[in-house]
Structures are given as C-alpha cells and as structure tokens.
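The values are calculated or read from the model by the stated rules, or taken from the named source; none is laboratory data. Predicted model, so just to flag it, every value in this text is computed and none were measured. Cβ placement follows ideal geometry from the backbone for every residue including glycine, while neighbour counts extend to all protein chains displayed.
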Amino acid sequence: MRKIGALGIIGIASPREYGGSKAGHLPALIAVEEIARVYPSLAFILEVTQAPLYMIETWGTPEQKQAWLPPLIRGEKIAAVAATEPTGGSDLATLNTTAVVDGDGYVLNGRKVYITNGGVGDWVLVLARTGERASVLTVEKGTPGFVVSRRQEMMGFKSGDVCELGFSNCRVPKANLIGKEGGGQAVAMATFTVSRAAVGAVGLGIARGAFEIALKYAKERTLYGKPIANLQAIQFMLVDMDTEIDAARWLIYRPAACLDRGMAPRDIGKLSARAKYIGGEVAASVTMKAMQVLGGYGVSPEYHLARLLADAVEIFPATGMPQIMKFIQALEILK
C-alpha cells in the first residue's frame, strides 16, 4: 500500500489539498481494473481502501479530513468499513451493533464479519445503531474493547486481510462520528453505491487477465502441427470472451463517468448495481472459458487460472450478492 500510495494511485479521486490528484472516479476505477488484471487481491484491497476515503472526504469534518486523509492517501495508514454482521450485510436497517451515548463519547458493542482490512486497519469506520437510526463511528486500532476476533479464510483474494471484529464496551469519542448522528445509513448506502462499480472493475480486470492467458496459450500451443488458435472451436471461445469483456467494460465505466459529470450517488443506483453484477459475471464466465482453452493446464497452478477463478467467485458477495444487485435494479426499473 505504501508503494501504490507513493505512486499516487490511492488518491486518484481524492482532493489535492490532502495529497490526491482529483483526477476523478473513472481514472480511479481504471487503475483498479489494471491492477486486477495481474494482481486481483491488491486491486480489491485498493477498492476497499477507497470506500473509507470517500466517506471521510464527503462527510468528514475539516479536522477529520486533515488528520486521516493524508496518511491514507500516502498508503502509510490503512482503513476499513465495517458494516456486515453475522446476521447479514445487505439489510442495514437491522443492525445489532449499538453505540450508546455516554458523556463525550459512545460505548460501542457488537460484532462485524467479513471485514476486509479489518485486522491491519489503523482505523475502522463502524456502522452502528444509535437509538433508532444508524451512525458511522471511526474506531482507532488499539482502542480498549476493540478486538480482531479471528481471521476469516476465503476461497480467493488470498492476500486480503478479512476478519471478524468484536466491540465490547469500546469507548469512541464523539469527535470520531462521521457525518451526523443517525445519518449512517445514508452515508453507507451512498458509499456502497460508489464502491460497487469499482468492485465490478476488479471483475473486469480478472476477466482480462484470464483472456490474455488463454489468447497467448492458443497462439503458442500446437496441435497437428498448427496453433490451436487456428481451430474454429477455439476461435469462437476467444471471440466470446473478448465480446463479454468489451460489453462489460462500458457498463462498468458508466456509473463512474456519471459521477465525474456531477451526478449524485442516489442517481446512479441502478447503474452501479449493474456494473457490480456484470463484473462478477464476466470474471467467472471468461475465466471458465479460458480454462477450457488450456485444457488440463487450465487447472494447473502454473497458469494461474484456478487462482483467478477463486478470485472471480469472491466478487459475488462483495457489496451485495448478485440477487441483491438485481433487486436494486428492479426497484429502479419498476418506479
């Protein structure tokens, strides 16, 4: 993270006054895609890091921005967003984690699961119920009552740090409240809307990486004295892969481009959900086809396609399962 921070990649969409380049959401998304083409785990970590950045940039106080944004953008510090609980992650209205006002702070109690960067994060932005509504509180690493309960092993993204977190009478100062008390659900929903296109970009990068492996292999592998790329069956699979990637690219780029043109997250809910949905679909579909092109070598660690398939499957639950993405789109379509 320090290396990509030094290259300016983390802060591509962040304000210049805090060390970013303010190039926009689309350039930031393309950076995620390009990294995912060769290193999906790092791309996913980068995407996850951009979510708390967006929260702080959009709803943070001047003091919070000055204290937290520069080290995050430089890659010197790491942050995470903790929303998902053992009972689920898509229904943010039924949180069990609570934050009760006590003097000049809050007392936080609850559990969070499947939190990427949760164990290595210097700051965790926690979604918790404050009375009848949710709020977002930043919990610093080492705060008494905040523990990393366990590291959760995943099928893919092996370089990622995915953890279960626990909060037991954990005191958080009111100065660490992001936005207004009770405004946490709106903050989280807007952040997830912005993040979903970038998750789709991870899938797009995985698909591109798998296609490049298959294309190179098809040109070099010979059968009956000729490259298998000359076989029509192989050609058709390559064309299908290339077409899927091209079609997905524009669906995934579109919500980021809309944000850069000034549209609000609430106006791109359908587009963002569609981008995330298609990113998972194209990653899995193209990788499976690439494995068929390689035959037995497709499942060999030598060609990395098995790893890419495991990473592709991880796209499905990130920021909501495919069925949730379809549900979001359906609500917009049926208005």
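The figures follow:
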| item | result |
| --- | --- |
| In region 185-226, the residues that are free of Cβ contacts under 8 Å to residues at least 60 places away in the same chain and in a helix (DSSP H, G or I) | Ala186, Leu215, Lys216, Lys219, Glu220 |
| All helices (runs of 4 or more DSSP H) inside region 263-335 with 3 or more residues being surrounded by 23 or more Cβ atoms within 10 Å (Cβ to Cβ) and not charged (D, E, K, R) | 269-294, 305-314 |
| Complete set of residues in region 266-283 that are over 17 Å from Ile324 (Cα atoms) and in contact (Cβ under 8 Å) with a residue 60 or more places away in the chain | Val282, Ala283 |
| Ala31 surrounded by 22 or more Cβ atoms within 10 Å (Cβ to Cβ) and modelled with pLDDT of 95 or more | yes |
| Number of the condition not met by Lys22 [criteria: (1) in a helix (DSSP H, G or I); (2) without any contact (Cβ under 8 Å) to a residue 24 or more places away in the chain; (3) surrounded by fewer than 16 Cβ atoms within 10 Å (Cβ to Cβ); (4) not aromatic (Phe, Trp, Tyr)] | (1) |
| Selected residue [of a type outside the set (Gly, Ala, Ser) and in a helix (DSSP H, G or I)] from Glu76, Glu57 | Glu57 |
| Test: residue in region 194-217 that is over 19 Å from Leu46 (Cα atoms), surrounded by fewer than 20 Cβ atoms within 10 Å (Cβ to Cβ) and small (Gly, Ala, Ser) | no |
| Checking Ile333 against (1) of a type outside the set (Gly, Ala, Ser); (2) touching a residue at least 24 places away in the same chain (Cβ under 8 Å); (3) within 18 Å of Leu29 (Cβ to Cβ), the condition it does not meet | (3) |
